[in-house]
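Report on the following structure.
The values are calculated or read from the model by the stated rules, or taken from the named source; none is laboratory data. Bear in mind that the values here come from a model prediction, so they are computed numbers and not experimental data. Cβ coordinates were reconstructed from backbone atoms using ideal geometry, including for glycine residues, and neighbour counts include every protein chain displayed. Note: areas computed on protein heavy atoms with side chains; ligands, DNA, RNA excluded. Shrake-Rupley method; radii C 1.70, N 1.55, O 1.52, S 1.80 Å.
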Amino acid sequence: MNTSPQEIPADELLPADIQTANLLVARLHELMGDNLDVAFYYGSRLKGTTRRHSDFDLSFIPREGAVPCTNLTVAVGGVLFDLYPIGWDGMERLATFDNPSTSLLFCTEVVYARNEAVRARFDTLRHRAEELLSPAGHDQMAHKALELFRKLGPDHYLLAAHVAPDDLFTAKHRAMRLVGGVAHCLAVLNQAIVDTRRPENLLGLEKRPADTETLLRILVDGTDIAAIRHAATRLMQATRALILAELEDCVGGTLHLKHFFNYPEARNALFAIEDACERGNRYLALCVLTAWQNEMAQVMKKLATGCDVPDDLLFPEIAAEYRAYGFPDLMPSVLAGDMATLKEGIAQYDSLLRRFFTEQDVPLCDFADNADLSVWLAALPPL
């Protein structure tokens, strides 16, 4: 480990590209001083997998709070050297697989570290990534795959709804972004590190859509925009299905209704629906009704399966337990403005809510007066 610019020599015995890299790092240290935390090499030069026009990958981490700095980019002897900054927050994103370039943590050579503490912090990043690749990291990586998948929505939407029928360039641009994003999701889902710049690497993953090869061929090689759109949608649907199936194996821990709801709050949602309808505010009534019913179905699914059900599932995907319990459908009376039927439905819903909370051993906390409340408060154990 180097701790001063004198220890970053451009030794004539070293290969020419290493000499160049060392010159850049040494000068960077002179310019930044103690504001430089770490400088490191990575990539094909270390792996021995260089090709014609391969650049020399090197980066540096500025000290937190330091004045923002720019990269030093040069070409020497036809080789590109791009010494660019990655903040500690960016390095954290590598360790948590938020950035598809996590692989660089596994093949690096630190050529400068300001002190032992920052070197240890740098090394910890790789250890954290390794933990996520272990069996113990399965659940976290499945949730990470879903988190990454959610971010693909804009590209899919623009490709599916806004690309003109004759705009092949934009269709390809959005399709390539989508392929790269899906590749990252699938790599994370498989707890694997693959070069997502080479879509064919997806074919070696165990968990992938059955028709991945066909869809990639259409997205990468195809020129029919309608076919590209259709292939993109199929790839998104299949990827989502894989992620959700994997999440079903994720244990949500010990779940209890009291972790999600209390009866007074639940009953108040029903009152809010009724009040909004009485005031003619159907929009508010529907907002409360749909949000409440979907959340209720989600909680019942979590309690029944013990799994951490994601909050973006469609209602039919989580509604089995909810429907089996017999809660009435309030939407027809809300849409019709039928207050008499709505009030009857709310009364029935409230009765079933009380039964549901009681069956889950959750106290209703519904008191007639302060005397009853005081008795209950006095019996509470110390917090």
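Which is part of a helix (DSSP H, G or I), open to solvent by 50 Å² or more (accessible area, probe 1.4 Å) and either on the phi > 0 side of the Ramachandran plot or not hydroxyl-bearing (Ser, Thr, Tyr) (or both), of Ala142, Ala117?
Ala117
With respect to Gly137, determine if the residue is open to solvent by less than 40 Å² (accessible area, probe 1.4 Å) and within 19 Å of Arg197 (Cβ to Cβ).
Here the answer is no, as Gly137 does not meet what is asked.
Condition test on Arg27, is it modelled with pLDDT of 80 or more, surrounded by fewer than 16 Cβ atoms within 10 Å (Cβ to Cβ) and of a type outside the set (S, T, N, Q)?
So Arg27 passes the test.
How many residues does region 94-104 hold that are more than 26 Å from Leu31 (Cβ to Cβ) and assigned to a helix (DSSP H, G or I)?
Of the residues in that region, 3 qualify.
Looking only at residues that are in contact with a Ser or Thr (Cβ under 8 Å, 6 or more places away or on another chain), in a helix (DSSP H, G or I) and among the hydrophobic types (A, V, I, L, M, F, W, C) in region 160-181, which one is nearest to Arg229 (Cα to Cα)?
Once the filter is applied, the top-ranked residue is Ala160.
Determine whether region 276-296 contains at least one residue that is touching a residue at least 60 places away in the same chain (Cβ under 8 Å) and open to solvent by 40 Å² or more (accessible area, probe 1.4 Å).
Scanning region 276-296, I find at least one residue that is touching a residue at least 60 places away in the same chain (Cβ under 8 Å) and open to solvent by 40 Å² or more (accessible area, probe 1.4 Å), so the answer is yes.
Search region 262-275 for residues being free of Cβ contacts under 8 Å to residues at least 60 places away in the same chain and surrounded by 15 or more Cβ atoms within 10 Å (Cβ to Cβ), and hand back the single one that is farthest from Gly337 (Cα to Cα).
The extreme case among them is Ala269.
How about region 241-261: which of its residues are farther than 16 Å from Lys302 by Cα and either surrounded by 17 or more Cβ atoms within 10 Å (Cβ to Cβ) or at pLDDT below 90 (or both)?
Leu242, Ile243
Would you check which residues across region 366-383 are free of Cβ contacts under 8 Å to residues at least 24 places away in the same chain and in a loop (DSSP other than H, G, I, E, B) and list them?
Of everything in region 366-383, those that are free of Cβ contacts under 8 Å to residues at least 24 places away in the same chain and in a loop (DSSP other than H, G, I, E, B) turn out to be Phe367, Ala368, Asp369, Ala379, Leu380, Pro381, Pro382, Leu383.
Step by step: first the residues of region 78-103, then only those that are modelled with pLDDT of 90 or more and of a type in the set (A, V, I, L, M), then the one that is farthest from Leu125 (Cα to Cα). Which residue is that?
Across region 78-103, the extreme among qualifying residues is Ile86.
Name the residues in region 187-239 that are open to solvent by less than 20 Å² (accessible area, probe 1.4 Å), hydrophobic (A, V, I, L, M, F, W, C) and farther than 28 Å from Asp166 by Cβ, would you?
Residues satisfying the conditions are Ala187, Val188, Leu189, Leu202, Leu205.
Here is a list: Phe122, Phe81. Which entry is in contact (Cβ under 8 Å) with a residue 40 or more places away in the chain, more than 20 Å from His184 (Cβ to Cβ), under 28 Å from the mean Cα position of the chain (by Cα) and not in a loop (DSSP other than H, G, I, E, B)?
Phe122
Going through region 366-375 one residue at a time, which ones are more than 18 Å from Glu265 (Cα to Cα) and surrounded by 10 or more Cβ atoms within 10 Å (Cβ to Cβ)?
Listed by number, the residues that qualify are Asp372, Ser374, Val375.
Please work out which one of (1) closer than 18 Å to Gln293 by Cα; (2) of a type in the set (A, V, I, L, M); (3) in a helix (DSSP H, G or I) is the condition Leu313 fails and give its number.
All conditions pass for Leu313, except number (3).
Within region 15-28, can you find the residues that are over 17 Å from Pro68 (Cβ atoms) and not in a loop (DSSP other than H, G, I, E, B)?
Passing the criteria: Ala16, Asp17, Ile18, Gln19, Thr20, Ala21, Asn22, Leu23, Leu24, Val25, Ala26, Arg27.
For region 148-159, how many residues meet the condition of being assigned to a helix (DSSP H, G or I) and either surrounded by 16 or more Cβ atoms within 10 Å (Cβ to Cβ) or of a type in the set (Gly, Ala, Ser) (or both)?
Number of matching residues: 7.
On the basis of being assigned to a loop (DSSP other than H, G, I, E, B) and out of contact with any strand residue (DSSP E or B) (no Cβ under 8 Å at 6 or more places or on another chain), does Pro363 make the cut?
For Pro363, the condition - assigned to a loop (DSSP other than H, G, I, E, B) and out of contact with any strand residue (DSSP E or B) (no Cβ under 8 Å at 6 or more places or on another chain) - is met.
Show the residue pairs meeting these rules: Cβ distance below 6 Å; 6+ apart or different chains; first residue within region 162-185 and among the β-branched types (Val, Ile, Thr); second residue part of a helix (DSSP H, G or I) and open to solvent by less than 60 Å² (accessible area, probe 1.4 Å).
Here the result reads Val163/Thr170; Val163/Ala171; Val179/Pro199; Val179/Leu219; Val182/Leu235; Val182/Thr239, each pair linking region 162-185 to a residue that is part of a helix (DSSP H, G or I) and open to solvent by less than 60 Å² (accessible area, probe 1.4 Å).
Find the residue count for region 120-134, including only residues that are farther than 30 Å from Glu30 by Cα and open to solvent by 60 Å² or more (accessible area, probe 1.4 Å).
Looking only at that region, the number is 4.
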